[in-house]
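Enquirer: If you scroll down you'll find the structure; I have some questions about it.
The values are calculated or read from the model by the stated rules, or taken from the named source; none is laboratory data. Fair warning: this is a prediction, and the values are worked out from it, not measured in the lab. Cβ placement follows ideal geometry from the backbone for every residue including glycine, while neighbour counts extend to all protein chains displayed. What goes into the accessible areas is simple: the full protein's heavy atoms, side chains included, and nothing from ligands, DNA or RNA. Shrake-Rupley method; radii C 1.70, N 1.55, O 1.52, S 1.80 Å.
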Amino acid sequence: MSFLEEFRSISTGEKTQREAEIEKGKKSFRQYCNMINNDFFKKERVYQDIVCDTLQKMYERKMINEKTKKPYDILILNLPPGFGKSYTASLFATWVLGKNNKNQVITVSYGQDLAISFSKTVRNTIQLEEYHDFVPVSFFPELKIKEGDGAADKWALKNAYMSYLGTSFTGKLTGMRGNIIIIDDPIKNAEEAINEKVKQGHFDFYKNTLTSRMLPNSLQIIIQTRWATDDLAGKIITEYNKRCYVLQLAALDKNDKSICESLYPTEDLIRKRETLDEHIWLANYMQQPIDIKGVLYGKFKTYDVIDSDLFERQIAYIDTADEGKDYLCAIIGGVIGRYGYITGIYYTDKAMEITEPETARLLSLLQTRDCLIESNNGGRGFARNVERELKKLKCRKCNITWFHQSKNKNTRILVNATNVMEQVIFPEGWEKKYKEFYKAISNYQRKGKNAHDDAPDALTGFVEMINGDVKGRMKPIASPIRALKLF
């Protein structure tokens, strides 16, 4: 065999092996990533197995919610910086387009410059061709950008009307609909993480603009550092919990070891932890929102269904709104032993002419027997007006009592926090049903100034009422509704 024949034989063998590997890459996203960039995607980086496998299963609709028996269609992906989450997402976009050139991808980045950069990465990967012995060997050789339709942020593949659009939260989505939606790191820094206007703007864009451009059965991928509990990922999880699959990987495991030594050695991560401000470290590397460390309450217990006939008492505790921006908060529930099962919450800043009849309606509807109202700041007058509204509803089984709360509010809330977490049980899905109340409770800080304390104050009073720590004032017998002293 001549040298030339031997060279051609080796080259052909390599080409055949490469073609076999490409077939694997078409079927496996992890294999695809390995072959596109084996300097970054390495066998020993186990976290990449998890990320790639999850992305592929989401696309194939194999990630199933055990409760609903339906596939998850929203993936929340939280990874530390430098772990290649954006790069992996861009390769995923090329892979799904290669799997089916009818897919339509929309990516949303923090700013338009990043959106264009993301788009170029996707487009350049598609245009990449490899040659072995002058023979092109590519993953998706039929995948070509349509001539004259290759703008930086919006382009189409051959034989497709529109394939890709990269935009920002202030950009436009006109002329494009998508079934693969990728949102990449919407929050820039810690300052934005505590800016309510910025966070609400992200959610408004997602809910009112982006959602309207989604095709039926779209796959949504939200990639971000978890800066705050009410950031975009947090709001989506709260709003669409049953549709969300959350993949959250912290840089250090529970034993303070790096989850990927070849990318970030443990020693380097420990040094970063010692150097960075704690809230930055926790948010960026441990995926703990900056407002979580100081929150007073953790995850509450929930119940699915409960028989009200089991209730030993049916009670309500109400903290009326002071003047200004305070909220009225009514906690209504049933008591079994020392546990309170929440059946209703009324949390609002509306005027008393609205809250008085609505409070009475809820007390009647939920068959409340004992209602305790703080008489501070007009609470006594509120109690009497609620009694009057109950009489109109012909509800005479609800005993309204009131008392003056003389103890320090903040101290009461802190001292009773453990009891609240132990004794209060919310209905499943309460985060969505009582959104404003949930936000007030979940964001309440143990230290520092809180915008509102009405929700934790009323929740504390509810537990105090269960435990007999607060008692109402006995009303005269002449009252139209019989009073019952609470114990």
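Enquirer: How far apart, in nm, are two points set 7 Å out from the Cα along the Cα-to-Cβ line at Ser28 and at Ile50?
Expert: Going from the Ser28 label point to the Ile50 one covers 1.9 nm.
Enquirer: Please work out how much length the chain gains when fully extended from Thr174 to Asn100, using 0.36 nm per residue of separation minus the C-alpha to C-alpha distance, in nm with one decimal.
Expert: The span from Thr174 to Asn100 would gain 24.3 nm if fully extended.
Enquirer: Take every DSSP beta bridge whose two residues both sit in the chain, then give the antiparallel share in percent to the nearest 5.
Expert: Of all bridge pairs located within the chain, approximately 40 percent are antiparallel.
Enquirer: Ignoring ligands, DNA and RNA, what percent of the 1.4 Å accessible area of region 365-452 is carbon and sulfur?
Expert: 48
Enquirer: Next question, about the same structure. Per residue, how many Å² of accessible area does the chain show with a 1.4 Å probe?
Expert: I get 50 Å² per residue for the chain.
Enquirer: Based on the Kirkwood radius over alpha-carbon pairs, what value in µm²/s does the Stokes-Einstein equation return for the translational diffusion coefficient of region 143-257 at 20 °C and 1.002 mPa s?
Expert: Once the numbers are plugged in, D ends up at 133 µm²/s.
Enquirer: Now, a different point. What is the helix-to-structure angle for 379-392, meaning the angle in degrees between its Cα long axis and the longest Cα principal axis of the chain, kept from 0 to 90 and rounded to the nearest 10?
Expert: On a 0 to 90 degree scale, this one is about 90.
Enquirer: What is the angle, in °, between the Cα long axis of helix 352-365 and the longest principal axis of the Cα atoms in the chain? Nearest 10 is fine, range 0 to 90.
Expert: Long axis of 352-365 versus the principal axis of the chain: about 90 degrees.
Enquirer: What are the equivalent ellipsoid semi-axes of region 302-344, built from the alpha-carbon gyration tensor (square roots of five times its eigenvalues), in whole angstrom, biggest first?
Expert: 27, 10, 7
Enquirer: Test of understanding: extend the Cα→C-beta vector of Glu196 to 7 Å, then name every residue of region 447-471 with backbone N under 12 Å from that spot.
Expert: Correct set: 450-453.
Enquirer: List every residue whose amide H lies under 5 Å from the amide H of Ile221, counting only residues 5 or more places away in sequence or on a different chain, with H placed 1.01 Å from N in the peptide plane.
Expert: Amide H neighbours of Ile221, under 5 Å, 5+ apart: Leu75, Ile181, Ile182, Ile183.
Enquirer: Average projected area of the Cα convex hull of region 176-239, in nm²?
Expert: Mean projected area of the Cα convex hull: 4.2 nm².
Enquirer: What is the chain's relative contact order, in percent, from Cα pairs under 8 angstrom and six or more apart in sequence?
Expert: Rounded, it is 13 percent for the chain.
Enquirer: Next question, about the same structure. Report, to one decimal in Å, the Kirkwood hydrodynamic radius for the chain based on all distinct Cα pairs.
Expert: Result for the chain stands at 26.2 Å.
Enquirer: In 5 Å bins starting at zero, report the fraction of Cα pairs in region 17-93 per bin as a rounded %.
Expert: 3, 14, 24, 24, 17, 11, 5, 2, 0
Enquirer: Compute the length gained on full extension between Val295 and Leu414: take 0.36 nm times their separation in residues and subtract their Cα-Cα distance, giving the result in nm to one decimal.
Expert: 41.7 nm
Enquirer: If the chain between Ala20 and Asn37 were fully stretched, how many nm would it gain, using 0.36 nm times the residue separation less the Cα-Cα distance?
Expert: The span from Ala20 to Asn37 would gain 4.4 nm if fully extended.
Enquirer: Grab region 149-288 and count how many Lys pairs have their alpha-carbon atoms under 25 Å apart, sequence gap of 8 or more, or different chains.
Expert: Lysine pairs, 8 or more places apart or on different chains, close enough: 23.
Enquirer: Kindly give the semi-axes, whole Å and largest first, of the ellipsoid equivalent to region 216-259, taking each as the square root of 5 times a Cα gyration tensor eigenvalue.
Expert: They are 25, 13, 9 Å, listed from largest to smallest.
Enquirer: Would you mind giving the average projected area, over all directions, of the Cα convex hull of region 222-309 in nm² with one decimal?
Expert: Averaged projected hull area, Cα only: 8.2 nm².
Enquirer: Next question, about the same structure. Quick check: the distance between the Cα centres of region 175-191 and region 96-128, to the nearest angstrom?
Expert: Each part's Cα centre sits 12 Å from the other's.
Enquirer: So, one more: Which angle between 0 and 90 degrees, to the nearest 10, do you get for helix 46-59 versus the longest principal axis of the chain when only C-alpha atoms count?
Expert: Approximately 80 degrees, to the nearest ten.
Enquirer: Treating region 84-221 as a set of equal point scatterers at the Cα positions, no solvent, please give the Debye-formula log₁₀ I(q)/I(0) at q = 0.10 Å⁻¹.
Expert: One equal scatterer on each Cα of region 84-221 leads to -0.35.
Enquirer: Viscosity 1.567 mPa s, temperature 4 °C: what is the translational diffusion coefficient of region 298-380 from Stokes-Einstein with a Kirkwood Rh over Cα pairs, rounded to a whole number of µm²/s?
Expert: 95
Enquirer: Starting from the Cα of Gln367, step 7 Å along the direction of its Cβ; do the same at Asp307; then give the gap between the two resulting points in nm.
Expert: For the pair Gln367/Asp307, the computed spacing is 1.2 nm.
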